[in-house]
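Below: the structure, in structure tokens.
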Amino acid sequence: MRAVPGTVLVLGTVSLITDISSEMITAVLPLYLVTELGLSPLGFGLLDGVYNGVSGVVRLVGGHLADRGRRYKAIAAIGYGLSALCRPALLAVHGMMSIGVVLATDRTGKGLRTAPRDAMISLASPSDTQGRSFGVHRAMDTAGALLGPIIAFFVMRTTVDGFDAVFTVSFCVATTGVVILLLFVPGRDHALSGTSEQAEQIEQPQAPQTPEEPEAVTVSARAALGLLRGRELRRLTVCAALLGLATVSDSFLYLLLQHSLGVPDEWFPLLPVGTATAFLLLAVPVGQAADRFGSWRVFLVGHGGLLAAYGLLLLPVHGDGLPIVVLLLHGAFYAATDGVLMAAAAVSVPVPLRSSGLALVQTGQAATRFVCSLLFGAAWTAWGDRTALTAAMVALAACVALSAALRPVRPVRPVHPVHPGRPERSSV
């Protein structure tokens, strides 16, 4: 924790609190939609795809707006605030269409905030410790993901209208995260000297810029899309999208576990705790491993862990320890892919387009995960859960093999090397 900039720690605190709120909703949402509202797997797949896929398209907008004038904090604050307002809205809607609108709005907020937040993390960190900084942030974020389902579990057990109570408490927690973001995350016009020792150096005068340095890059939508002309970033984006096409969403994985093991409804919110625990414990060491051995290798190994989790779910005999192993593999998958992917992409994108570049990668992955939710929900409805999971496992194995062949042609290197002993210039 001492080895990363203060900006990363503050953003991690905001993400921790926000994830408590969002994971409270995520933990009970599948059960709420399937048992309370009676949705079919196909209907749930559609809403789950909206929940996880809409943010991908909006990330391009959020990334572009944040890069224009470097308004990272402002755009992130709008995104966090929009998601917070959707929590009480769930109390007033009950139909599939109305719930879909609320979930789409919530994911719009997530899409707006994700790229600017990751850009702030990247710009505040030296290029040789990107993996560690993202690992620390994701560990703090996952601490919230660990606490959220636990809080939801106790709220469900101790209240009469469990779902309504969860939505209300989630709104209060999300509002706290927005307040901390506004008060403590340094903005474009704020002094950064109190944030971290690294931030104290950010505003120091730099050497005169040359045309090749980041300040010469024009910030525009065309320039952002032009980043895909770079071979490394283009292949990274294609591979992330390809693998997302065969990544079954968390909600479906938990429903598969419940269906296979007969987990009681009241215990369902605790299933994400296993994933979050593994993610929390592994995020920092896996981020350090990515800095040492290469982000791309770690990223592929993470998908191998997810492939193993699919295989375990398809075993004909389920022991008592099976859910624990599956959830640990699921958490390890996120530790090896979430922040690691952003660390790999960040060093291939110039500073003025950092938010837009990260959004490109995130959008490709989110869009294909949206398609995966629709296809998996349809396959479950038509063929049953085991056949659908078998098809997903075969598809993931093929995508991993193809992505290994399409890997970046050389190790990802910083576009603009950092001068020895001096961090990259940043406006976070």
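The values are calculated or read from the model by the stated rules, or taken from the named source; none is laboratory data. Quick caveat: nothing in here was measured; it's all calculated off a predicted structure. Here Cβ is always computed from backbone atoms with ideal geometry, including for glycine, and neighbour counts include all displayed protein chains.
Miscellaneous remarks
- Residue within segment 269-280 that is assigned to a helix (DSSP H, G or I) and either acidic (Asp, Glu) or free of Cβ contacts under 8 Å to residues at least 60 places away in the same chain (or both) present: yes
- Of THR13, THR108, all but one fail to be among the polar types (S, T, N, Q) and farther than 27 Å from PHE153 by Cβ; the exception is THR108.
- For VAL317, the conditions (1) outside any helix (DSSP H, G or I); (2) within 22 Å of ALA221 (Cβ to Cβ); (3) β-branched (Val, Ile, Thr) all hold with the exception of (2).
- For segment 349-363, the set of residues classified as surrounded by fewer than 24 Cβ atoms within 10 Å (Cβ to Cβ) and assigned to a helix (DSSP H, G or I) consists of VAL351, PRO352, listed by residue number.
- In segment 82-105, the residues that are under 17 Å from the mean Cα position of the chain (by Cα) and at pLDDT below 85: LEU103, ALA104
- For first residues located in segment 234-257 and over 15 Å from TYR334 (Cα atoms) and in a loop (DSSP other than H, G, I, E, B), partners that are among the basic types (Lys, Arg) and at pLDDT below 90 and lie 6+ apart or on another chain with Cβ distances below 8 Å form the pairs LEU245/ARG369.
- LEU85 meets all of the listed conditions (1) surrounded by fewer than 19 Cβ atoms within 10 Å (Cβ to Cβ); (2) outside any helix (DSSP H, G or I) but one, namely (2).
- Taken together, LEU312, LEU282 contain a single residue that is modelled with pLDDT of 90 or more and either surrounded by fewer than 23 Cβ atoms within 10 Å (Cβ to Cβ) or in contact with a His (Cβ under 6 Å, 6 or more places away or on another chain) (or both), which is LEU312.
- Where a residue in segment 315-327 is in contact (Cβ under 8 Å) with a residue 12 or more places away in the chain and its partner, wherever it lies, is β-branched (Val, Ile, Thr) and surrounded by 14 or more Cβ atoms within 10 Å (Cβ to Cβ), with Cβ under 7 Å and at least six apart: LEU327/THR275
- From THR129, THR108, residue being within 19 Å of VAL4 (Cα to Cα), in contact (Cβ under 8 Å) with a residue 24 or more places away in the chain, polar (S, T, N, Q) and in a helix (DSSP H, G or I): THR129
- Condition met for VAL219 (more than 30 Å from ILE25 (Cα to Cα), in contact with an Asp or Glu (Cβ under 7 Å, 6 or more places away or on another chain), of a type outside the set (Lys, Arg) and outside any helix (DSSP H, G or I)): yes
- Subset of segment 62-112 [more than 20 Å from GLY357 (Cα to Cα) and among the polar types (S, T, N, Q)]: SER83, SER98, THR105
- Exclusive hit being over 21 Å from ALA174 (Cβ atoms) and at pLDDT 75 or above, set GLY49, GLY43: GLY43
- Listed by first and then second residue, the pairs with beta-carbon distance under 7 Å, at least 6 apart or on different chains, first residue in segment 354-369 and touching a residue at least 24 places away in the same chain (Cβ under 8 Å), second acidic (Asp, Glu) and surrounded by 24 or more Cβ atoms within 10 Å (Cβ to Cβ), are SER355/ASP67; SER356/ASP67; LEU358/ASP118.
- The residues of segment 127-153 that are within 26 Å of VAL166 (Cα to Cα), under 14 Å from the mean Cα position of the chain (by Cα) and at pLDDT 85 or above, listed by number, are HIS137, ARG138, ALA139, MET140, ASP141, ALA143, GLY144.
- Restricting segment 376-394 to residues that are buried (at least 19 other Cβ atoms within 10 Å of the Cβ) and farther than 17 Å from VAL34 by Cα, the residue that is farthest from the chain's Cα centre (by Cα): ALA388
- Within segment 106-126, restricting attention to residues that are closer than 19 Å to ALA174 by Cβ and modelled with pLDDT under 85, the residue that is surrounded by the most Cβ atoms within 10 Å (Cβ to Cβ) is GLY111.
- Of everything in segment 60-81 that is among the basic types (Lys, Arg) and either modelled with pLDDT of 85 or more or closer than 17 Å to ARG107 by Cα (or both), the residue that is surrounded by the fewest Cβ atoms within 10 Å (Cβ to Cβ) is ARG71.
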